[in-house]
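What follows is calculated from the coordinates using simple rules that are stated; it is not laboratory data. Just so it is clear, the model here is predicted, and its values are computed rather than measured. Because the Cβ atoms are built from the backbone with ideal geometry, glycine has one as well, and the counts that use them run over all protein chains shown.
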Amino acid sequence: MEALGAAAWVLLRLSLASALLAFGLYCCYIKYVHVKYDDIPGAPRASFFFGHLPIIWRMLKKKELVHDVFLQWAEEYGPVVRLNFFHRITLLVLSPEGVKEYLMLPQYPKDRIVYGRLYNMFGVRFLGKGLITDRDYNHWHKQRKIIDPAFSRSYLIGLMGIFNDKAEELMKVLEEKADGETEIDMMNLLRRVTLDIIAKVAFGLDLNTLNNDLAPFPHAMSLIGQGLAGMRQPFFKYMPWNRKVVKEIQENVRLLRRSGKECIEQRCKAIQNGEETPLDILTQILKNAAQEGDCDDESMLDNFITFFFAGHETTASQLTFSIMELGRQPEVMAKLQAEVDEVVGVKRDISYEDLGNLQYSSQVLKEVLRLYPPVPGTVRWTGKEGIVEGVKIPAKTTLVFSTYIMGRMEKFFKDPQLFDPDRFGKDRSKPYYSYFPFSLGPRSCIGQTFAQMETKVVMAKFLQRFEFQLVPPQSFKILDTGTFRPLDGLVCRLTPRNPLTFEKD
């Protein structure tokens, strides 16, 4: 017994010595990383081990926007700012020169750790190897080649009828509540209409979530949004009090993938049988894939989820922030309504030509994207050493490019906190490489034309029909859940504008 006790004691001492040795080696490695990167400007670390994480954790706990402290650091330490997280270093690149180099060229892949997290959501395949997350350039390029024609401007023009019809359904819901007293959850309704639109124009699905409070998809989207926020918190899924919501999130990701699989299989079968199929984005993609001889079912399903989630979430965000900001910009609002009255008048349906004539509307929407981009930026990884404005970028480094931060810097935009749509007027110089709400280069968002057409139709119809007031309190602060949304939501009271008798087209 004494021998066994002595042996156990020796093993314990060896284990402690090994742990101390490992800890000491890890400390040495962190110090090595510090020496390698400390010549790059950055805010003082809050901790040797955690780096800047304690600052971020405090802000998240208070529901403050982390990007705002990054903006402060950009003004103080830019154009390249060092961020320390344990032994990992991330560099904020806030230079048009750097944006041009790393976003416009295909040789810099998306970051493995950041985008790898989106492959699964709590163990269930989520975005997989869809267009957003695919890091293999050759595989991504093959997917993009198949999908691109479905998002061409000429093809999207044919979807104007659906944009109009679905937006009209929203107007009918709002008309029933537009008594000047009823408080309307605009953010919820805008998320629902964009979900109905993407489902119909992309996949031929009639979800009708605007008129069905029991529809499963809005709830699924909300839970997945919670999942994205939770994935950014350390140990979220392991906390006992989160087990129920994690399980619900997993079930709803599976629901989306099952629905997508059924939709794709039914459409493939219809095409093979020579049946009439909807002229939507899915049909276009399947036919292009067949011509290219590349029908990868898993990639197809990954892109179904990507379009379904990102395609409604980002557009709903832009619409929500647009109405929120117009609520405190009466002069901009008046000018915008005057343009809608002149271009659209009393027509029920908005034409593609009308969209081109809504020039001031375009400027307003661009200004909204400058201040409130639905996604704050993008992340790249560089395998080779580089230099940005005299700052040496070591090889094998994660680089963050933030359109939110650059869009709010005096260096790139005069009076950046001022909401000024005229900065995007035809006579103004374009903000090259400091404004990229849809990213830039070969990995730019495939759906940006789609999103702006949809947004213009919904906004024009809304401004054509209603006056509105924001219901206080409205802090105008931003909540980051992976995509941006107003911290306080968006609640309005509506009143009808002058009664309209629609012309027949």
Note to self: Suppose the chain between GLN72 and ALA395 were pulled fully straight at 0.36 nm per residue; how much longer would it get relative to their current alpha carbon spacing?
What the structure shows: 113.7 nm
Check: Counting alpha carbon pairs within less than 8 Å and at least 6 residues apart, what relative contact order, in whole percent, applies to the chain?
Finding: 22
Notebook entry, point to check: Once you list every other residue whose beta carbon is under 14 Å from the beta carbon of TYR238, what net charge do they have if Lys and Arg are +1 and Asp and Glu are -1?
Noted result: +4
Check: In percent, what relative contact order does the stretch 389-505 have, based on Cα pairs under 8 Å that are 6 or more apart in sequence?
Finding: 16
Checklist line | Per-residue ³J(HN,Hα) for the stretch 318-324, Karplus 6.51 cos²θ - 1.76 cosθ + 1.60, θ = phi - 60°, Hz, x for Gly and Pro | finding: 5, 5, 5, 5, 4, 5, 4
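Based on the mean of other beta carbon atoms within 10 Å per residue, what is the order of 208-216, 124-132, 175-183, 323-331, most packed first?
124-132, 323-331, 208-216, 175-183
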Notebook entry, point to check: Of LYS110/LYS392; LYS62/LYS244; LYS100/LYS335, which sit over 30 Å apart, Cα to Cα?
Noted result: LYS100/LYS335
Notebook entry, point to check: Label LYS384 and ARG125 with points 7 Å out from Cα along Cα→Cβ: what is the distance between them in nm?
Noted result: 3.5
Note to self: Report the Cα centroid-to-centroid distance between the stretch 103-172 and the stretch 390-429 in angstrom, as an integer.
What the structure shows: 24
Item checked: Sparse-neighbour loop sites [chymotrypsin sites (Phe, Trp or Tyr not before Pro); the stretch 235-342; at most 15 other C-beta within 10 Å; DSSP] -> PHE235
Next item on the list: Give me the number: length gained by fully extending LYS287 to GLU251, i.e. 0.36 nm times residue separation minus the C-alpha to C-alpha distance, one decimal in nm.
Entry: 9.9 nm
Next item on the list: For the stretch 375-505, just run the numbers: alpha carbon Rg, then divide by 2.2 N^0.38 Å, N being how many residues it has.
Entry: 1.42
Check: Hey, can you rank 474-485, 84-95 by average C-beta count inside 10 Å, highest first?
Finding: 84-95, 474-485
Next item on the list: Subtract the Cα-Cα distance of ASN498 and PHE50 from 0.36 nm times their separation in residues, and report this length gain in nm to one decimal.
Entry: 155.4 nm
Item checked: the stretch 301-406: relative contact order in percent, alpha carbon pairs under 8 Å with at least 6 residues between -> 23
Check: Taking neighbour Cβ counts within 10 Å as the exposure measure, how do TYR119, TYR102 sort from fewest upward?
Finding: TYR119, TYR102
Margin query: Could you tell me the center-to-center distance, by alpha carbons, between the stretch 296-349 and the stretch 22-51 in angstrom?
Written below: 44
Check: Each label point is 7 Å from the Cα along the Cα-to-Cβ direction; what then is the distance between the points at GLN107 and TYR432, in nm?
Finding: 2.1
Check: For the Cα atoms of the chain, what angle does the longest principal axis make with the long axis of helix 359-371, in degrees from 0 to 90, nearest 10?
Finding: 20
Next item on the list: Give a residue-ordered list of calculated ³J(HN,Hα) values for the stretch 342-349 (Karplus: 6.51 cos²θ - 1.76 cosθ + 1.60, θ = phi - 60°; whole Hz; x for Gly, Pro).
Entry: 6, 7, 8, x, 10, 6, 6, 9
Note to self: Net charge within 12 Å of GLU251 by Cβ-Cβ distance, Lys/Arg positive one each and Asp/Glu negative one each, not counting GLU251 itself?
What the structure shows: +4
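Based on other C-beta atoms within 10 Å, arrange SER444, SER317 from fewest to most.
Fewest-to-most Cβ neighbours within 10 Å comes out as SER444, SER317.
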Item checked: the chain - mean residue ellipticity at 222 nm from DSSP helices (-39,500 (n - 2.57) per run, n ≥ 4, rounded to 500) -> -17500 deg cm²/dmol
Next item on the list: Would you calculate the separation in nanometres between label points at ALA338 and ILE271, each defined as 7 Å from the Cα along the Cα-to-beta-carbon direction?
Entry: 4.9
Check: With a sphere of radius 12 Å drawn around the Cβ of LEU118, what net charge do the other residues whose Cβ falls strictly inside it have (Lys, Arg +1; Asp, Glu -1)?
Finding: +4
Next item on the list: Could you bin all the Cα-Cα distances of the chain into 10 Å bins starting at 0 and give me the percent of pairs in each, rounded to whole numbers?
Entry: 3, 17, 27, 26, 16, 6, 3, 1, 1, 0
Check: What ranking of LEU358, LEU65 emerges when the number of other C-beta atoms within 10 Å of each C-beta is taken as an exposure proxy, fewest first?
Finding: LEU65, LEU358
